[in-house]
Amino acid sequence: MPVHLIDITDVGPRTRNAGADAARMDVAICGIGAWLSGAPDWPTLRAILRGENGLRDGAPSKPAAPTLPPAERRRAPEAVLLAAEVAGQACAMAQHDPAALPCVFTSTHGELAITDYMCAVLACAPRELSPTKFHNSVHNAPAGYWTIAAHCVRASNAVTAWHASFGAGLLEAATLAVAEDTPVLFAAYDTASSGPLAEMTRTGRSFGAALVLAPAGDSGSPSITVKPRAGIVFELPPPPGALANLAADNPLNAHALAFLAALAHDASARLTLPAASGLLLDMEVRV
Amino acid sequence: MPAPIRPLAVTAYTATSALGRGVATHAQALHANRGGLRPNDFSSAPLQCFIGRVDGLEDAPLPQALGDWECRNNRLAWLGLDQDGLLDAVQAAIGRYGADRVALILGTSTASIGASEEAYRRLEDGRFPRDLQRPGIHTPHSLTAFVAAATAIAGPALTISTACSSSAKVFASAERMMRLGLVDAALVGGVDTLCDSVLFGFNALELVSPEPCRPFDALRKGISIGEAAAFALLQRADVAPEAPRLIGYGESSDAHHMSTPHPHGRGARAALDDALARSGLREDQIDYVNLHGTATLKNDEVEAAMLGERFPSRVRASSTKGFTGHTLGAAGGLEAVFALIAIGRGFVPGNLGCTQPESACAQQLALQCEEGEIRVALSNSFGFGGNNACLAFARAEAV
């Protein structure tokens, strides 16, 4: 079979069509949600990002996820709880009915504890695999449970882009909001890894963040301009000490925290995040 | 309802499945009513069932330069990319627009989890064996990261993983990016391979048929699982006046149950409504519907009712899963190619495996291959989590 490899340094803008400069998108941020153990909501995390507080001691290790029905809350996998918690916070802050919002859920690896369970059972007793764990193993399980709980029949999506999952998911959600002229729920999360798989998929602690994005024009809300460009070099502002380990654990955490830090402060800011291995998003955040 | 979209050209497309490699092979098999299912010979302790297995993957290693991505799913992706001049078409698009102006959006349900399963079977002192200590293949983005490396596409690179609607939804995301001018072309598609997770998982849900699957048959007993790779290159219509068109799509959620469809097909109907609105068409203007048709009791019951109620009897419809098995995250892409084959070659694939069709859709169902002009074709894909998509394609001159 012939090999069709292209030297990545040998591609560039020279052959693009006239007028094909990267489009820019303006979106308002109407709602924000966040959860990690010790910072169970956006106001708490915002204070930490502003250097006003540290993580809370004795905090619950699991999100409450009050938007899920009680029965689901008891048995739901952690990624489902985490996504529902942050999504619910963002919708409440935006004062949007979750049933009306199409959604984009992004996660580097999905529910790692279930992947570990599946691989372990399949290696020794495959016929004993739990049917519930199997249908909960799909990457869109959090989106599925969310749409069921929110009675949302709009489009729901579940995406990943490995170490660019936050930026790629944000690009997908902003594209949806602008192209369809609709508010969109965006959630980003990863859960803790476990078992032998953990060496390959280090995520550290569970962390999630969510935004309700809307086409720009919603005055009073912070807004962002998103402009993709080719590139691989970017610099993240250092997170506050209390969040340094969280950011170091997993690129999704680091990228989400850098984005949320820009929203947490009182001044407008510029920020660049990766959306693919050769694609960056230049963002201007206006608060 | 959404506004009609500006149609996009599908300037290249290909499929590799249990039916063989490339579009011509698939067209011949579909035309001859010749299926590709076989008794299950996959994995160390095979379940008694039938599968749609791609021949030759075991003898088709990745090129050395791409060796870090070695695994069954990426082998199938590479084999699929090598058919029908797809790689050359992608390189031409990169040359024309620039690598960063081409998007890569692929759907997969399990990606290369088969490699993670193997690592757990071969643990050494509780750790992955050395040859499998490659983080890139133990994550759901493995497929897209591999194809990005293999094609040098440098624009947006996104994996959509919404179970069995994954590689239908990639067309929708690509259209939006192109409409906003973020990119000039998009390589879309899907790849899923046989692995223990899906064979034993669907077995645990009691959804696997002991015989070759029989979509829409009154005596159907469940799914046969298959594997496939399918790809399509999308560009603006003006660059390819003759190429078939993506004219619409619909996406929705059931908001009902994780693994059972809404009893009245609420989400499936919403996706259909959405696709028709974006296409600017009515049901009676559709010539062919490639159905999701998994051969589970519930899916086919709900989809048959929708088909019978919404479409006049002249509209032809079939599930092609009797040919290939249910290729899960690759099904949307594979069956988009089947819709394009129907349009390009002028025939409706038969609904292989069905002899006593569900009465609700008996008038529309094509049990055997039927010759005839197909100007507009739809393709349904429904997944776990109540995740639905419907795609609409047309001949260039029908738009």
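The values are calculated or read from the model by the stated rules, or taken from the named source; none is laboratory data. These numbers were taken from a predicted model, which means no experiment stands behind them. Cβ sites come from the backbone with ideal geometry, for glycine too, and all protein chains shown count toward neighbours.
Okay, here's what the table says:
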read-out	value
In the stretch A:125-177, the residues that are within 14 Å of B:S161 (Cα to Cα), hydroxyl-bearing (S, T, Y) and part of a loop (DSSP other than H, G, I, E, B)	A:S137
Matching residues, the stretch B:177-204, being out of contact with any Gly (no Cβ under 9 Å at 6 or more places or on another chain), within 11 Å of another protein chain (Cβ to nearest Cβ) and outside any helix (DSSP H, G or I)	B:L180
Residue among B:T144, B:T139, B:T162 that alone is at the interface with another protein chain (Cβ under 7 Å from one of its Cβ atoms) and within 19 Å of the chain's Cα centre (by Cα)	B:T162
Residue, farthest from A:F207 (Cα to Cα), within the stretch A:136-163, restricted to residues that are under 16 Å from the mean Cα position of the chain (by Cα) and more than 8 Å from chain B (Cβ to nearest Cβ)	A:W146
Candidates B:A243, B:A229, B:A174, filtered to the one that is more than 9 Å from every other protein chain (Cβ to nearest Cβ) and part of a strand (DSSP E or B)	B:A229
Filter result for A:N245 (of a type outside the set (S, T, Y) and either within 15 Å of A:L170 (Cβ to Cβ) or out of contact with any Ser or Thr (no Cβ under 6 Å at 6 or more places or on another chain) (or both))	yes
Test: A:A192 is part of a helix (DSSP H, G or I) and not aromatic (F, W, Y)	no
Tally, over the stretch A:80-136, of residues that are touching a strand residue (DSSP E or B) at 6+ places or on another chain (Cβ under 8 Å) and among the small types (G, A, S)	8
Odd one out for A:H139, checked against (1) surrounded by fewer than 21 Cβ atoms within 10 Å (Cβ to Cβ); (2) modelled with pLDDT of 95 or more; (3) not acidic (D, E)	(1)
Selected residue [closer than 30 Å to B:A89 by Cα and either under 18 Å from the mean Cα position of the chain (by Cα) or at pLDDT below 95 (or both)] from A:G19, A:G110	A:G19
Residue count, the stretch B:123-136 (criterion: part of a strand (DSSP E or B) and either within 7 Å of another protein chain (Cβ to nearest Cβ) or at positive phi (or both))	1
Residues located in the stretch A:253-287, provided they are touching a His at 6+ places or on another chain (Cβ under 8 Å) and either among the basic types (K, R) or surrounded by 18 or more Cβ atoms within 10 Å (Cβ to Cβ) (or both)	A:L273, A:P274
Residues (closer than 22 Å to A:A258 by Cβ and out of contact with any Lys or Arg (no Cβ under 7 Å at 6 or more places or on another chain)) located in the stretch A:173-196	A:A173, A:A174, A:A177, A:V184, A:L185, A:F186, A:A187, A:A188, A:Y189, A:D190, A:T191
Residues of the stretch B:14-28 that turn out to be over 11 Å from B:A229 (Cα atoms) and either touching a helix residue (DSSP H, G or I) at 6+ places or on another chain (Cβ under 6 Å) or of a type in the set (D, E, K, R) (or both), as a count	2
Filter result (facing chain B (nearest Cβ under 7 Å) and under 24 Å from the mean Cα position of the chain (by Cα)) within the stretch A:119-135	A:F134, A:H135
Which numbered condition B:M306 misses (of (1) farther than 23 Å from B:E227 by Cα; (2) of a type outside the set (V, I, T); (3) surrounded by fewer than 19 Cβ atoms within 10 Å (Cβ to Cβ))	(3)
Condition met for B:S116 (in a loop (DSSP other than H, G, I, E, B) and either of a type in the set (G, A, S) or under 30 Å from B:P261 (Cβ atoms) (or both))	no
Output for the stretch B:253-286, where each listed residue is in a loop (DSSP other than H, G, I, E, B) and buried (at least 21 other Cβ atoms within 10 Å of the Cβ)	B:D254, B:A255, B:S259, B:P261, B:H262, B:G265, B:I286
In the stretch B:318-346, the residues that are outside any loop (DSSP other than H, G, I, E, B), β-branched (V, I, T) and closer than 20 Å to B:A18 by Cβ	B:T324, B:V337, B:I341
Some residue of the stretch B:347-363 being assigned to a helix (DSSP H, G or I) and buried (at least 24 other Cβ atoms within 10 Å of the Cβ)	yes
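Table: residues versus (1) in contact with a Cys (Cβ under 9 Å, 6 or more places away or on another chain); (2) surrounded by fewer than 17 Cβ atoms within 10 Å (Cβ to Cβ); (3) part of a loop (DSSP other than H, G, I, E, B); (4) within 14 Å of another protein chain (Cβ to nearest Cβ).
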position: A:G208; (1), (2), (3), (4): no, no, no, no
position: A:L211; (1), (2), (3), (4): yes, no, no, no
position: A:A214; (1), (2), (3), (4): yes, no, no, no
position: A:G217; (1), (2), (3), (4): no, yes, yes, no
position: A:I224; (1), (2), (3), (4): no, no, no, no
position: A:P237; (1), (2), (3), (4): no, yes, yes, no
position: A:A244; (1), (2), (3), (4): no, yes, no, no
